[in-house]
1. Going by the conditions given, is L459 in a helix (DSSP H, G or I) and modelled with pLDDT under 85?
2. If a residue must be over 17 Å from Q107 (Cβ atoms) and within 12 Å of ligand 2 (Cβ to nearest atom), how many such residues does segment 61-84 contain?
3. Of (1) closer than 20 Å to A6 by Cβ; (2) more than 14 Å from ligand 1 (Cβ to nearest atom); (3) assigned to a helix (DSSP H, G or I), G105 satisfies all except one. Which?
4. Among the candidates L42, L135, single out the residue that is of a type outside the set (S, T, N, Q) and closer than 21 Å to R240 by Cα.
5. Looking at (1) surrounded by 18 or more Cβ atoms within 10 Å (Cβ to Cβ); (2) more than 29 Å from S179 (Cβ to Cβ); (3) among the charged types (D, E, K, R), which one does R387 not meet, given that it meets all the others?
6. Considering every residue within segment 45-60, establish whether at least one is within 11 Å of ligand 2 (Cβ to nearest atom), over 34 Å from the mean Cα position of the chain (by Cα) and modelled with pLDDT of 70 or more.
7. Do we have any residue at all in segment 78-88 that's within 29 Å of I352 (Cα to Cα), away from ligand 1 (no atom under 15 Å from the Cβ) and not basic (K, R)?
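The values are calculated or read from the model by the stated rules, or taken from the named source; none is laboratory data. Since we're looking at a predicted model, the values are computed, not measured. So basically every Cβ, Gly included, is an ideal-geometry build from the backbone, and we count neighbours across all protein chains shown.
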Amino acid sequence: MMAIIATAGHVDHGKSSLVMALTGVDPDRLAEEKRRGLTIDLGFAHTTTPSGTVLSFIDVPGHSDFIRTMISGVSGVNIALLVVDAFEGWKPQTEEHFHILSVLGIQRGVIALSKCDKVDNKVLQEREMELAQRLHSSNISWSPIIRTSAVSQSGLDSLVEQLELAVQTTTKSQESKRSRLFIDRVFTIKGSGTVVTGTVEGEGFQVGGDIAVVRTGDNARIRNIHIHGEEHNQSISGQRCALNLSGIEVNQLRRGDALVINPEWHITTAFDARLDALPSLQQPLTHRGSFMLHVGTSSQSASLRLIGVSSIAPGESQTVRVRFKEPLALSPGDRFLLRETGTNSTVGGGIILDVDPRSPLSRSQPTGTIDSQLENRGFVTVEEARRLTGVHVAPRFGHWVCSDRDYQRAVDSLNSRIPAHDAYDLSLLSEIERELVDAHPDYVVGDGLVRKAATADPLLQHPYVDMLLREGVTTTETKTLDRNIIRLLVNKGIILEHDFVAFHIEVLQSLRPTLTELWNLSPQGFTMSELREALGITRKRALPLAVCLDKIGLTRRRDDVRIPGPRW
Ligand SMILES: Nc1nc2c(ncn2[C@@H]2O[C@H](COP(=O)(O)OP(=O)(O)O)[C@@H](O)[C@H]2O)c(=O)[nH]1
Ligand SMILES: [Mg+2]
């Protein structure tokens with residue numbers, strides 16, 4: 001079992017010291033950080049507990065200037081370790097981190113009171129009461145508060161216990177199989193070239209596999225994969241790994257770049273989403289202001305449009321449209337965060353519902369369902385639907401997918417063009433429409449024509465149909481019948497007519513045995529009189545009958561005789 005745990009909390013509250021106490025690794029690894037005593041970059045450390053659970057930590061900076069680094073460390077992580085200094089208590093930075101964890105969709109949180117060696121029991125109890133209150137309304141499932149001290153090493157066993165429990169009870173979200181890695185570090189190793197690190201999503205990456213850099217479209221190949229210092233052939237969802245890449249220089253990559261396997265993803269510069277405005281906002285959120293969008297480890301400026309409302313009150317959630325410049329490979333269900341550049345504060349965050357919004361803002365109603373994501377784009381292939389939604393979508397017919405409404409629109413459009421009682425030229429339909437009528441039970445396709453299916457047709461109930469069927473080859477003349485009805489029946493292909501003599505299509509088809517016999521007797525073709533005699537009909541019937549048989553392709557005329565036709 002392994003899971004990644006991100007630290008969170010105010011600067012200097014003892015996060016790095018706790019990670020060090022648990023893992024023996026100093027996450028403040030950079031010389032500059034050491035000098036300043038500040039984790040300005042992400043620190044990484046891991047340990048295996050006696051029960052075999054791997055605790056893999058991302059230690060994030062708590063200083064407000066480095067919030068962007070903190071966000072990149074937290075995204076894609078399921079478990080947070082929130083650290084609060086027992087001496088100082090809950091601080092504004094604690095508050096901001098706390099909200100960021102929540103909107104980024106962290107499921108489980110472990111909370112540690114740190115530096116407990118510095119305060120007495122009375123203060124500890126006060127702190128615990130305050131924390132309990134703060135955590136009360138959180139949508140993250142929090143552990144009991146654990147008293148710790150990195151100095152006296154007290155509480156560390158309980159902390160490990162709670163972290164293990166969190167790892168074991170974190171349900172893996174039903175995630176897509178598509179592979180993606182948001183880079184959190186890029187560097188070179190002498191002799192092996194470009195290395196990137198990050199947390200793997202989806203099925204993962206293989207040594208020798210090709211990857212694409214979403215922002216630039218550059219390609220590279222994976223030379224080898226390291227997970228916790230060991231070489232592996234592949235990396236899978238949830239693992240932190242280092243990829244050694246060939247075919248790309250270190251300066252072509254940066255933190256925030258996503259690596260993907262190319263055809264699997266829809267690359268986008270806009271999305272519709274549900275945005276939760278932070279409860280701590282001083283005023284309602286509007287589209288005014290300049291925003292930074294954080295997704296995965298990436299961040300860039302973005303514009304915000306609210307859907308259907310002009311403002312979002314603190315603590316409320318609304319659907320929004322977010323636009324940005326640098327292309328991202330996104331999936332519905334991805335979490336994002338918005339910060340306001342002016343005030344340098346987090347304003348909210350939420351969940352992406354549609355990675356390729358098509359509806360105009362005034363009409364957009366994103367809900368995240370497959371149907372709402374496909375709305376207004378007509379028919380797309382199964383592959384395209386998967387790129388847009390991240391999941392396999394069952395085709396409507398053939399390999400085409402669309403929303404319920406678009407399907408109904410297409411059927412309505414066909415219904416209005418294809419007359420109720422007439423055949424319609426297939427070549428007038430688009431390729432997709434042709435496939436639709438082919439698969440649709442209300443339509444019959446044949447001979448380059450499409451007709452509405454007979455079953456649903458009241459015309460079929462007309463007495464003429466029955467009459468012609470009963471009379472077989474000895475039908476009355478159609479001159480005296482209602483010419484309109486006859487014409488409609490002919491157009492629908494139910495009857496065939498020549499020289500005011502009509503035959504039901506089934507009657508003509510039932511003549512196959514007779515025709516076989518005739519051709520047995522006259523292999524070179526039968527004459528009119530032979531046909532007349534075989535069926536016991538008059539000449540006046542026989543000639544139209546032969547012409548109608550020609551029409552449906554059972555026979556063909558050659559000089560004075562009938563030979564087998566193209567549909568025999
Ligand atoms: N007394 C005491 N000091 C601590 C403890 N843990 C950390 N410190 C001190 O608090 C300061 C900040 O610690 P650090 O782990 O870097 O905090 P971070 O910024 O949250 O990562 C350092 O000077 C540590 O020596 C503790 O348990 N007890
Ligand atoms: Mg630190």
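1. Values: in a helix (DSSP H, G or I): yes; modelled with pLDDT under 85: yes.
Here the answer is yes, as L459 does meet what is asked.
2. The total comes to 7.
3. Tallying (1) closer than 20 Å to A6 by Cβ; (2) more than 14 Å from ligand 1 (Cβ to nearest atom); (3) assigned to a helix (DSSP H, G or I), G105 fails exactly one: (3).
4. On the way: L135 fails: closer than 21 Å to R240 by Cα.
Sole residue among the options that is of a type outside the set (S, T, N, Q) and closer than 21 Å to R240 by Cα: L42.
5. (2)
6. Within segment 45-60 (the criterion being within 11 Å of ligand 2 (Cβ to nearest atom), over 34 Å from the mean Cα position of the chain (by Cα) and modelled with pLDDT of 70 or more), the answer is no, since none of the residues qualifies.
7. Looking for residues that are within 29 Å of I352 (Cα to Cα), away from ligand 1 (no atom under 15 Å from the Cβ) and not basic (K, R), one finds at least one in segment 78-88, hence yes.
Let's see how each residue does on (1) surrounded by fewer than 24 Cβ atoms within 10 Å (Cβ to Cβ); (2) among the aliphatic types (A, V, I, L, M); (3) in contact (Cβ under 8 Å) with a residue 60 or more places away in the chain; (4) on the phi > 0 side of the Ramachandran plot:
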{"site": "D59", "(1), (2), (3), (4)": "no, no, no, no"}
{"site": "H63", "(1), (2), (3), (4)": "yes, no, no, no"}
{"site": "S72", "(1), (2), (3), (4)": "no, no, yes, no"}
{"site": "G76", "(1), (2), (3), (4)": "no, no, yes, yes"}
{"site": "L82", "(1), (2), (3), (4)": "no, yes, yes, no"}
{"site": "A86", "(1), (2), (3), (4)": "no, yes, yes, no"}
{"site": "G105", "(1), (2), (3), (4)": "yes, no, yes, yes"}
{"site": "V110", "(1), (2), (3), (4)": "no, yes, yes, no"}
